Amino acid sequence: MQPFKKISSIAAPLPMINVDTDMIIPKLFLRTIKRTGLGKNLFDEMRYDDDGKEIPDFVLNREPYRKAQILIAGANFGCGSSREHAPWALLDFGIRCVIAPSYADIFYNNCFKNGILPVFLPQDQVDALMKEAQENPESPVEVDLEQQTVKRGNKYSYRFEIDPFKKHCLMNGLDDIGLTLEKAADIAAFEKTDGQKRSWLY
Amino acid sequence: MTTPRTLFAKIWDDHVVHKSDDGTCLIYIDRQLVHEVTSPQAFEGLRMSGRTVRRPEAQLAVADHNVPTKGRAQGIAEEDSRVQVQTLKDNAAESGITYFDMDDARQGIVHIIGPEQGFTQPGMTIVCGDSHTSTHGAFGALAFGIGTSEVEHVLATQTLIQKPAKSMRISVEGKLPVGVTAKDMILQIIGHIGTAGGTGYVIEYAGEAVRDLSMEGRMTMCNMSIEAGARAGLIAPDEKTFAYLKGRPMAPQGEEWDKAVAYWRTLPSDEGATYDKEIVLNAEDIAPTVTWGTSPQDVAPITDSVPDPDSFNDPGRQTAVKRSLDYMDLKPGTPLQEIPIDVVFIGSCTNGRIEDLREVAKVVEGRKVADGVEALIVPGSGLVRKQAEKEGLDKIFTQAGFEWREPGCSMCLAMNADKLQPGQRCASTSNRNFEGRQGRGGRTHLMSPAMAAAAAITGKLTDVREL
């Protein structure tokens, strides 16, 4: 997994609440056995018309947002299904960071497995960044995971909270499974004890 | 004296393998259900890192999302779907995981077959790469959906890295009125707390109306916990739970059964246990409910009208409701019972069980599906299908003009051949009414099986109590 330390990028505004994973990547594109290649279908139904042509109004079809590595969105981003295809599609498009007031649990968790940083900020701060992204699209937003800050020029500087363990894994691009396998002896010990208590499960 | 604990806390405590100083826990996962859409990349990940499946016997695999619900003997027409299903079959064989093939009567939707086989049991931790894994909480199991990376993590280690969720108890007191079901209750709960109201929580459903539900009804409720944003739903196991499980193929037998039941009886929340949040609703206030928008929280009693976006206080919600009504092609003030429908879908992990089909049969027996309405019934598993046929329900359905299909996820998410055409409006017993969920441009109204059956007969949204 690619580590996430600090990025500076154009931010794309998507002022909608409850953006669900069916919007992020419609089910047709879930029939894949790979993790890559989903970027072209990110937000497919909002991005393309019935003939497969780009809908010019959609934010990711507009310059300079096509190059955005940061997406700013409304509350409860990523609700709905557990499909990890949603962060895979975001990443494949080039999005490394989402900024929103809140996220659905499973989506939030899935981001960290893929080197994407989901940043929580209060509604008024998201609103301010959203407005700036709409009005001054060219000026970049800087997201610094180590410092836990989001900055835009000299005008805005916000601090965000993040679970220290998640931060550590993301900054170092760590593989969860590798970390857990270091505790293989603990797992075996648990199974031995639990196998006596709940023998019907073993 | 020990501190009173909730059902959730008891299950959690019994599964902690390791706890770090910052509170992050390594949690043991008892069982995993595996389906074709969210697992291929997990198995590929294992292979690429030279890892193997730690406990193949703790996994159960089945294809459900992509499978056709008619003409199955001809195989799957779409190549990518066929490859995905074949990949699951190959991965299961290679890893020694039990797999129910498409021609096996035990095949069905993961969340239907887990309970049906007795794979799902109280006190377990159960995961699946599918958000509706919350269904299994009906048995007093801590069950939740995970992404593919975590599917791989469980395959390799039989554990997950987690922090405990917050706890919420929603009690529905009193008795449900006639014609009101578990589906109406959960839709009203989602409407009440909102689609993000449960974020960060595990919800325990309690109260007389919940205890009175059958296991099928309890599964319907827990199934849609995710639509309220909750990680999982839970209902305390009781005699109904044990009676449902006894004798099922994967349930414990003989002395092990007695030992298991003794343990299961210790699980319900202790008297005096506290929750981070408590909500109490009155069952008598709940009416047959439908959704009118594109979020599961967009609910109203069938006797109501389409709301005005301006009647919502939150500006974000106003914008969302405007967009919803535009997508749904509905005007504020229109009585819900005047909304005509084109398609009726009865099935899914929410409402594809035998009890659901019996409810439908009661409504449609001796009646006919309205002209111009396409109505399909998709049993949740091959065994549900067999049971329905044994009871003669299939005859009632086909005589009324319904199509009687083979089991699968079908039109709940339209990954297979069953989907809405743009602009079509569907009365559906499934769980999500998102834009495009049942097919691009399709419009979904969620409701109970009895209400969907009533809509099939009249051709519009209908109060089943008045049919």
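Taking the range B:439-455 as the range and being on the phi > 0 side of the Ramachandran plot and open to solvent by 10 Å² or more (accessible area, probe 1.4 Å) as the test, only B:441 passes.
Do you know which of the residues in the range B:183-201 that are of a type in the set (A, V, I, L, M, F, W, C) and open to solvent by 10 Å² or more (accessible area, probe 1.4 Å) is farthest from residue B:169 (Cα to Cα)?
B:196
Residue under question is residue B:79, and the condition is that it be crowded, with 20+ Cβ neighbours inside 10 Å and facing another protein chain (nearest Cβ under 10 Å); does it hold? No. In the range A:167-178, the qualifying residues are those that are within 10 Å of another protein chain (Cβ to nearest Cβ) and surrounded by 15 or more Cβ atoms within 10 Å (Cβ to Cβ), and the one that is modelled with the lowest pLDDT is A:175.
From the list B:384, B:373, B:364, B:378, the one residue that fits, being within 20 Å of residue B:467 (Cβ to Cβ) and either in contact with a Lys or Arg (Cβ under 7 Å, 6 or more places away or on another chain) or buried (at least 24 other Cβ atoms within 10 Å of the Cβ) (or both), is B:364. The set of residues in the range B:31-52 being over 19 Å from residue A:85 (Cα atoms) and either in contact with a Cys (Cβ under 9 Å, 6 or more places away or on another chain) or crowded, with 24+ Cβ neighbours inside 10 Å (or both) consists of B:31, B:32. Might you let me know whether the range B:6-15 holds any residue that is among the acidic types (Asp, Glu), closer than 30 Å to residue B:271 by Cβ, in contact (Cβ under 8 Å) with a residue 12 or more places away in the chain and open to solvent by less than 10 Å² (accessible area, probe 1.4 Å)? No, that holds for no residue.
When A:75, A:104, A:100, A:86 are checked against the criterion of being out of contact with any strand residue (DSSP E or B) (no Cβ under 7 Å at 6 or more places or on another chain), touching a residue at least 24 places away in the same chain (Cβ under 8 Å) and either among the basic types (Lys, Arg) or within 14 Å of another protein chain (Cβ to nearest Cβ) (or both), A:86 stands alone in meeting it.
Of all the criteria given as (1) in contact (Cβ under 8 Å) with a residue 40 or more places away in the chain; (2) open to solvent by less than 10 Å² (accessible area, probe 1.4 Å); (3) of a type in the set (A, V, I, L, M, F, W, C), the one not satisfied by residue A:7 is (2). Candidates in the range B:204-240 are the residues that are under 20 Å from residue B:127 (Cα atoms) and of a type in the set (Lys, Arg); of these, the one that is modelled with the lowest pLDDT is B:231.
Only a single criterion out of (1) basic (Lys, Arg); (2) buried (at least 23 other Cβ atoms within 10 Å of the Cβ); (3) at pLDDT 95 or above is not satisfied by residue A:27, namely (3).
Report whether or not residue A:118 is open to solvent by less than 50 Å² (accessible area, probe 1.4 Å) and in a loop (DSSP other than H, G, I, E, B). The answer is no for residue A:118.
Which one of these is open to solvent by less than 20 Å² (accessible area, probe 1.4 Å), touching a helix residue (DSSP H, G or I) at 6+ places or on another chain (Cβ under 7 Å) and more than 28 Å from residue B:64 (Cβ to Cβ): B:209, B:143?
B:209 is the lone residue from the list that is open to solvent by less than 20 Å² (accessible area, probe 1.4 Å), touching a helix residue (DSSP H, G or I) at 6+ places or on another chain (Cβ under 7 Å) and more than 28 Å from residue B:64 (Cβ to Cβ).
Annotation: residue B:225 fulfils all but one of (1) among the polar types (S, T, N, Q); (2) surrounded by fewer than 24 Cβ atoms within 10 Å (Cβ to Cβ); (3) closer than 30 Å to residue A:180 by Cα; the unmet one is (2). Residues in the range B:414-438 that are open to solvent by 10 Å² or more (accessible area, probe 1.4 Å), out of contact with any strand residue (DSSP E or B) (no Cβ under 8 Å at 6 or more places or on another chain) and either under 20 Å from residue B:63 (Cα atoms) or without any contact (Cβ under 8 Å) to a residue 12 or more places away in the chain (or both): B:417, B:419. If only residues of the range A:89-105 that are open to solvent by less than 10 Å² (accessible area, probe 1.4 Å) and assigned to a helix (DSSP H, G or I) are counted, the one that is nearest to residue A:171 (Cα to Cα) is A:90.
Could you list, in sequence order, all residues of the range A:36-60 that are open to solvent by less than 90 Å² (accessible area, probe 1.4 Å) and assigned to a loop (DSSP other than H, G, I, E, B)?
A:37, A:38, A:42, A:43, A:49, A:52, A:55, A:58
Just to be sure before I move on: is residue B:395 in a helix (DSSP H, G or I) and either surrounded by fewer than 24 Cβ atoms within 10 Å (Cβ to Cβ) or within 12 Å of chain A (Cβ to nearest Cβ) (or both) in the structure I sent?
The answer is yes for residue B:395.
The values are calculated or read from the model by the stated rules, or taken from the named source; none is laboratory data. Since the model is a prediction, treat every value here as computed from it, not as a measurement. Positions of Cβ are generated from backbone atoms using ideal geometry, with glycine treated the same way; all protein chains shown enter the neighbour counts. Ligands, DNA and RNA are excluded from the accessible area calculation, which covers all protein heavy atoms including side chains. Shrake-Rupley method; radii C 1.70, N 1.55, O 1.52, S 1.80 Å.
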